[in-house]
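Only one structure is covered here, and it is reproduced in the block below.
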Amino acid sequence: MAPVSTELAELKSRVYLAELIRRSGVELKAVGKNLLGRCPFHPDETASLCVNPEEQLFNCFGCEAGGDALKFIQLKEKVEFPKAVERLKEWALQAPQPPKPNGKKAPGPQDPLPGNLSRADLLGRVAERYNLRFRECPDAQQYLTSRGLGSKELWEAFRVGYVDGSLLDSLPKNGPTRDALVQLGVLNSKGREHFLGCVVVPLEHPEEGLLGFYGRKIDPQASFPHLYVSGPKRGVLHWQSLKQAKRVFVAESVLDAFSLWVAGIRDVTCLYGAGGLPVDLENLLGRFSTPEVVFCLDGDRAGQDATQRFAELLSQRGIRCLSVALPTGKDPNQLLQELGPEEARNRLGRARPITAAPVEKGAEKCPEPEESTESNAEGFTLRQADVHYRMTMRGHFVGQLRGALVATRGTQIYSEK
């Protein structure tokens with residue numbers, strides 16, 4: 001029997017992501033090798049949803065939702081992983097197949113690099129170059145300062161960089177180094193710098209080293225202000241805090257995490273938007289057995305919904321989850337600018353246990369049965385009176401069963417691994 005991961009990869013390969021998104025009601029138009037359309041996950045007037053037909057991935061430059069066909073179904077239909085797999089199977093049976101590529105497939109960012117170059121080493125040298133340019137660029141420094149992030153200690157701690165186009169001057173016109181940077185997405189297909197005009201921040205992994213960058217355009221009129229290297233968003237901001245701290249604050253973006261840091265909350269990391277919990281972040285939180293996570297997401301519906309979803313997911317790993325309730329429409333960076341570091345710290349440090357999602361006004365609550373059970377591919381749920389249990393099984397099973405149990409009663413959440 002094929003491993004589950006292999007079966008899932010084969011299933012995804014049978015679904016044409018662009019067609020799936022079009023049939024969900026999104027109009028896509030070709031722009032270069034990609035397709036652009038209005039994102040269905042937030043009010044979008046600028047067509048910020050980008051679909052890469054070659055990689056079979058989507059990414060929104062507005063709300064930063066992203067992933068593959070399975071992730072799109074989860075977000076669009078608001079279903080859990082097992083149900084999304086079922087829907088993907090249904091889609092694969094009825095939908096047109098992905099077009100077969102003409103000729104050899106272009107290498108992706110995870111494939112071996114030309115000249116057997118090391119991804120981490122090459123990106124590390126690029127990061128050093130970007131950092132040097134930032135220290136020499138008043139405009140880039142002024143951009144962060146204008147947002148309350150003018151701390152030189154911050155810039156040094158996170159190795160902040162700036163991309164002014166000068167990297168090309170240090171590269172040979174041809175050869176494996178330039179080809180590798182194109183493959184990694186640091187240079188685009190035309191050989192230009194992908195992050196041109198961006199303040200950039202390295203994203204790392206404890207074993208794999210530097211895996212990518214987050215880029216923020218300093219031009220306020222930029223159509224796509226948030227950039228990452230192509231492919232899955234790898235690496236974690238300030239992963240060391242996950243290993244060392246008893247309580248880690250998770251913001252929605254890199255600059256929001258910087259805002260917490262400037263306010264004096266130093267054990268911080270971030271998501272890459274409210275669309276999903278990054279795989280590397282989730283894995284490292286579980287691996288390092290981080291005791292507590294405080295979600296400090298934006299004060300809007302997307303941030304509130306994401307807090308509930310991610311808290312339930314992490315509680316299955318035995319992590320106690322709390323949250324900071326921000327004023328409506330505000331994010332940590334706005335609070336820092338409005339209140340200053342000291343007052344922002346007082347406001348952002350008020351973490352409270354996460355309660356059950358409130359019932360919307362006007363919605364009628366149906367009477368619940370005294371006892372019910374429901375099973376799926378990952379485990380089962382059991383409801384007895386006012387207590388709800390969810391058991392998620394964990395592989396691999398060698399002589400014993402392993403699982404994560406979460407029990408909720410009203411606004412209280414209990415978990416056990």
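Ranking of Ser323, Ser289 by solvent-accessible surface, largest first: Ser289, Ser323 (1.4 Å probe, protein heavy atoms only, all chains present).
Max-minus-min Cα coordinates of region 194-322 on each principal axis give 42, 35, 30 Å, with the largest extent listed first. Note on exposure: Ile354, Ile218 ranked by accessible area (1.4 Å probe, complete protein assembly) read Ile218, Ile354, with the most exposed listed first. Here the convex hull built on the C-alpha positions of region 123-175 has a volume of 75 cubic angstrom per residue. Taken as Cα centroids, region 311-349 and region 108-168 sit 27 Å apart, rounded to the nearest whole angstrom.
Solvent-accessible area per residue in region 204-361 equals 43 Å², computed with a 1.4 angstrom probe and all protein chains kept.
Heavy-atom accessible area of Glu208 with all protein chains present, probe 1.4 Å, nearest 10 Å²? It works out to around 80 Å².
At the residue level, Trp155 shows approximately 30 square angstrom of accessible surface with a 1.4 angstrom probe and all protein chains present.
For region 242-295, relative contact order (Cα pairs under 8 Å, six or more residues apart, normalised by length) works out to 50 percent.
Modelled spin-label separation between Phe224 and Asn116, with each label point placed 7 Å from Cα along the Cα-to-Cβ direction: 3.5 nm.
Per-atom-type breakdown for region 208-308 gives carbon and sulfur 48% of the accessible area (1.4 Å probe, protein chains only). Any idea what % of Cα-Cα pairs in region 200-271 are farther than 17 Å? More than 17 Å apart: 47 percent of the Cα pairs in region 200-271.
Shown is the FRET efficiency for Ser146 and Glu343, computed with R0 = 25 Å from the Cβ-Cβ distance and rounded to the nearest 0.05: 0.85.
The values are calculated or read from the model by the stated rules, or taken from the named source; none is laboratory data. No experiment lies behind these values; they were computed from the predicted model shown. Note: ideal-geometry Cβ built from the backbone for every residue, glycine included; neighbour counts use all protein chains shown. The accessibility values were calculated without ligands, DNA or RNA, using every heavy atom of the protein model including side chains. Shrake-Rupley method; radii C 1.70, N 1.55, O 1.52, S 1.80 Å.
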